[in-house]
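Chemist: Below you will find the structure I want to go over with you.
The values are calculated or read from the model by the stated rules, or taken from the named source; none is laboratory data. For clarity, every value in this text was computed on a predicted model and none was experimentally measured. Virtual Cβ from ideal backbone geometry, glycine too; neighbours counted across all protein chains shown. Surface areas here come from the heavy atoms of the whole protein model, side chains and all, with no ligands, DNA or RNA. Shrake-Rupley method; radii C 1.70, N 1.55, O 1.52, S 1.80 Å.
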Amino acid sequence: MPVTIKKHVQQVEDSLGNVLKAAVKNGHTIASWILCIPFSLDGPMTAWWDTWTKAREKEHSLVIQLWDETALRKKLLGPGGDDVRRGFYETYAQAARASVEQLRLVLEVEDDKAAVLGVALFIRQMTEAGHVELDSAKRQFFNADLVAREIAHKDVPAEVAALSSADATLHGLWEMQFNECAAEDALRALHTRVWRDVRNEHDQLPKSLRLELVHSWGLVHRLVDNRKAGWVKHWRQIAAEHSDG
């Protein structure tokens with residue numbers, strides 16, 4: 001059993017155990033027990049829950065119910081949940097919306113990390129395009145990569161979808177400019193044109209990501225580093241030959 005599932009299983013076991021102990025201590029009888037959780041069970045957890053529930057109901061002669069994310073939403077959105085929803089949740093929802101306006105910090109790149117980024121593919125692509133000063137590019141990539149790693153680690157579907165949307169938008173901006181610059185034999189202007197478009201598009205990217213402009217530019221560098229874009233005509237060849245090591 002994976003560590004995450006074991007953790008949830010233990011929490012459920014402890015919760016029911018505490019209720020049963022309290023009932024015995026105070027001379028009460030538990031007829032039913034409801035587990036409330038703010039998420040929906042996945043496949044493995046659902047299979048465990050069904051088996052566990054039947055065993056515990058038989059062992060303790062009680063009825064066990066599960067109010068998961070879906071059930072709780074229905075109850076809160078129903079007529080009977082008006083007072084609870086207004087009193088407890090809408091207040092926090094307003095605070096959450098306000099917090100979205102707080103942009104992320106832009107961090108400096110430590111020397112050791114900057115040295116590692118110096119051999120990254122996105123830097124190689126910029127060097128091939130004739131760029132000399134690269135410190136700001138490293139900072140942009142570093143901060144955008146932190147955002148992407150945080151979102152991947154938290155694995156919140158809405159945030160993952162928002163980042164995917166931003167990546168798709170920025171990739172589209174790059175592709176349009178690449179095609180135009182290639183047709184005009186003006187690839188030396190590609191980086192400048194893409195940066196101009198990213199700056200203009202920045203305010204239209206998903207607000208939930210709380211991105212500074214530095215992060216948006218860094219996301220373009222991540223596209224390059226992930227072999228989805230480049231700054232010279234033969235960028236695909238450079239990407240294929242580049243060693244991530």
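Chemist: Order these peptides, 24-35, 190-201, 223-234, by their mean beta-carbon neighbour count within 10 angstrom, highest first.
Modeler: 223-234, 190-201, 24-35
Chemist: What relative contact order, as a whole-number percentage, does the stretch 121-245 give when Cα pairs under 8 Å and 6 or more residues apart are counted?
Modeler: 45
Chemist: Also, quick follow-up: At 7 Å along the Cα-to-beta-carbon direction for both Val116 and Thr192, put a label point, then send me their distance in nm to one decimal.
Modeler: 3.4
Chemist: Right, next: Lys228: which aspartates and glutamates have alpha carbons under 15 Å from its alpha carbon, excluding same-chain residues fewer than 8 sequence positions away?
Modeler: Within the straight-line cut-off, Lys228 pairs with Asp167, Glu175, Glu241, Asp244.
Chemist: Let me have the 222 nm mean residue ellipticity of the chain computed from DSSP H runs of 4+ only, each contributing -39500 (n - 2.57), with the sum over all residues rounded to the nearest 500.
Modeler: Details: 11 runs with 156 residues, N = 245.
After summing the helix terms and dividing by residue count, I get -20500 deg cm²/dmol.
Chemist: Additional query: Sum up the charges of everything whose Cβ sits under 14 Å from the Cβ of Gln140, counting Lys and Arg as +1 and Asp and Glu as -1, but leave Gln140 out. Provide the component values of the computation, followed by the final result.
Modeler: Numbers: positive: Arg104, Lys113, Lys138, Arg139, Arg199, Arg222; negative: Glu108, Glu133, Asp135, Asp145, Glu212, Asp225.
Taking every Cβ under 14 Å from that of Gln140, the sum is 0.
Chemist: Tell me, what is the percent relative contact order of the chain, built from C-alpha pairs under 8 Å that lie six or more residues apart?
Modeler: In percent, rounded to a whole number, it is 21.
Chemist: Which percent of the accessible area of the chain is formed by carbon and sulfur heavy atoms (probe 1.4 angstrom)?
Modeler: On the chain, the fraction of accessible area on carbon and sulfur atoms equals 54 percent.
Chemist: Taking 0.36 nm per residue of sequence separation and subtracting the Cα-Cα distance, how much length would be gained by fully extending the chain between Glu184 and Ala71, in nm to one decimal?
Modeler: On the way: separation 113, 0.36 × 113 = 40.68 nm, distance 5.79 nm.
Answer, rounded to one decimal: 34.9 nm.
Chemist: Between Thr127 and Asp244, what is 0.36 nm times their sequence separation minus the Cα-Cα distance? Round to one decimal in nm.
Modeler: Roughly 40.5 nm would be gained on extension.
Chemist: With a 1.4 Å probe and all protein chains left in place, how much accessible area per residue does the chain have, in Å²?
Modeler: 63
Chemist: Using volume of the Cα convex hull per residue in Å³ as the read-out, say which of [x] 133; [y] 197; [z] 116 was calculated from these coordinates.
Modeler: The value matching this structure is [y].
Chemist: Sticking with this one: Quick one: what are the phi-derived ³J(HN,Hα) couplings along the stretch 31-42, Karplus 6.51/-1.76/1.60 with θ = phi - 60°, whole Hz, x for glycine and proline?
Modeler: So the J values, rounded to whole Hz, are 8, 8, 9, 10, 9, 10, 9, x, 8, 9, 6, 7.
Chemist: Now a separate question. Give me, ordered by chain and number, the residues 5 or more places off Trp67 or on other chains with an amide H under 5 Å from its own placed amide H.
Modeler: For Trp67, the qualifying residues are Leu35, Cys36, Ile37.
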